[in-house]
Amino acid sequence: MVRMGKQPSGIAKKINWLLILTIASLPIILGETNSVHDTLCWEHEGGKAAQVGDWKMSAMKKSPWKIFNIAKVRNEVINLACQFPEKEKELEVAWGKWAEKMKKYIR
């Protein structure tokens, strides 16, 4: 994650979000990929998430992953991690690949 010293507020927080979104988009901006797919990963202020199709995996700082089917239950209150361990693994792989790619952009 990009750190700007102490916790940003106001305009600094907006700039931080823009920076994070820009960094996450760099593979597309730099022409490293031109495909559009249904995988989206992000990290912000210690929280992290990965979404592939109708499935979303998220975790707050120092918390375990939670798995949701957002097509069926949009408010993300039913953690399906125990019921769908194979989906958790799939999302963890997607997150890991994204996090590894982002390392080269974040110093």
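Pick out the one residue from Lys103, Lys66, Lys87 that is under 16 Å from Cys41 (Cβ atoms) and exposed (fewer than 12 other Cβ atoms within 10 Å of the Cβ).
On the way: Lys66 fails: exposed (fewer than 12 other Cβ atoms within 10 Å of the Cβ); Lys87 fails: exposed (fewer than 12 other Cβ atoms within 10 Å of the Cβ).
Criteria check complete, one pass: Lys103.
Among the residues of the range 2-11, is any modelled with pLDDT of 80 or more, surrounded by 13 or more Cβ atoms within 10 Å (Cβ to Cβ) and not β-branched (Val, Ile, Thr)?
Checked against the condition, which is being modelled with pLDDT of 80 or more, surrounded by 13 or more Cβ atoms within 10 Å (Cβ to Cβ) and not β-branched (Val, Ile, Thr), the range 2-11 yields no hits at all.
Anything in the range 40-53 that is at pLDDT 90 or above and farther than 12 Å from Trp98 by Cβ? List them, or say none.
Listed by number, the list holds a single entry, Gly47.
Evaluate the following for Glu76: is it assigned to a helix (DSSP H, G or I) and farther than 26 Å from Pro27 by Cα?
When the stated conditions are applied, Glu76 does not pass them.
Filter the range 75-107 down to the residues that are of a type in the set (D, E, K, R) and over 17 Å from the mean Cα position of the chain (by Cα), then identify the one that is nearest to Glu32 (Cα to Cα).
Among residues in the range 75-107 that are of a type in the set (D, E, K, R) and over 17 Å from the mean Cα position of the chain (by Cα), the one nearest to Glu32 (Cα to Cα) is Arg107.
So, Val52, is that one touching a helix residue (DSSP H, G or I) at 6+ places or on another chain (Cβ under 9 Å) and β-branched (Val, Ile, Thr) or not?
For Val52, the condition - touching a helix residue (DSSP H, G or I) at 6+ places or on another chain (Cβ under 9 Å) and β-branched (Val, Ile, Thr) - is met.
Based on what the data block shows, is Lys87 closer than 20 Å to Met102 by Cα, touching a strand residue (DSSP E or B) at 6+ places or on another chain (Cβ under 7 Å) and either in a strand (DSSP E or B) or of a type outside the set (Val, Ile, Thr) (or both)?
It is false that Lys87 is closer than 20 Å to Met102 by Cα, touching a strand residue (DSSP E or B) at 6+ places or on another chain (Cβ under 7 Å) and either in a strand (DSSP E or B) or of a type outside the set (Val, Ile, Thr) (or both).
Would you mention how many residues in the range 57-73 are closer than 17 Å to Gln83 by Cβ and either assigned to a loop (DSSP other than H, G, I, E, B) or polar (S, T, N, Q) (or both)?
Here is the first cut: in the range 57-73, the residues closer than 17 Å to Gln83 by Cβ are 57-58, 64-73.
If we keep only those that are either assigned to a loop (DSSP other than H, G, I, E, B) or polar (S, T, N, Q) (or both) as well, we get 58, 64-65, 69-73.
The number of residues fulfilling the criteria is 8.
Answer yes if at least one residue in the range 82-92 is modelled with pLDDT under 90 and under 21 Å from Tyr105 (Cα atoms), and no otherwise.
no
Would you check which residues across the range 21-39 are surrounded by 10 or more Cβ atoms within 10 Å (Cβ to Cβ), out of contact with any helix residue (DSSP H, G or I) (no Cβ under 9 Å at 6 or more places or on another chain) and either in a loop (DSSP other than H, G, I, E, B) or modelled with pLDDT of 65 or more (or both) and list them?
Result: Ser25, Ile28.
The values are calculated or read from the model by the stated rules, or taken from the named source; none is laboratory data. Predicted model, so just to flag it, every value in this text is computed and none were measured. Glycine also receives a Cβ, built like all others from the backbone with ideal geometry; neighbour counts cover every protein chain displayed.
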